[in-house]
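Every number here is computed from the coordinates shown, using simple stated rules; none is lab data. As the structure is a computational prediction, the values presented were derived from the model and not from experiment. Here the Cβ is made from the backbone with ideal geometry for all residues, glycine too, and neighbour counts use every protein chain on show.
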Amino acid sequence: MGLFRRNGKKRRPAPSGGAAGARPWVDHGLADGDTAECGRCARTLRVALQSASSVTVSHDGALEGMALICTACGRLLCCACALAASDNPYLPRCDRCGGQVTLPVAG
Ligand SMILES: [Zn+2]
Ligand SMILES: [Zn+2]
């Protein structure tokens, strides 16, 4: 009776340009202490890689000048641009694809 068929629903962001891997916040090629440019306002940002076990995005000013990365397309953004792209002041988003942004993680 029970014939169950699981629909493996795979969501993968279409990589246009092909630069972003499956996990752009890990496969970013950045090193801790690097500088990077915001993809929107071109301001210079400091790369502070997080350990994979403790990914936190705080919004109390600690992100000022830090590079954030979009988990969907890998775009680098400053917190001001990421917050400006979101209608939620506590949830920074990518201005290009609307994906969630986070601090880059050390691979
Ligand atoms: Zn910016
Ligand atoms: Zn994005």
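Projected label points at A84 and T44, each 7 Å from Cα along the beta carbon direction, are separated by 2.0 nanometres. When its C-alpha radius of gyration is set against 2.2 N^0.38 Å (N residues), the stretch 21-107 gives a value of 0.94. Working ranking of peptides 85-92, 64-71, 100-107, 38-45 by packing, defined as the average number of other Cβ atoms within 10 Å per residue, highest first, is 64-71, 100-107, 38-45, 85-92.
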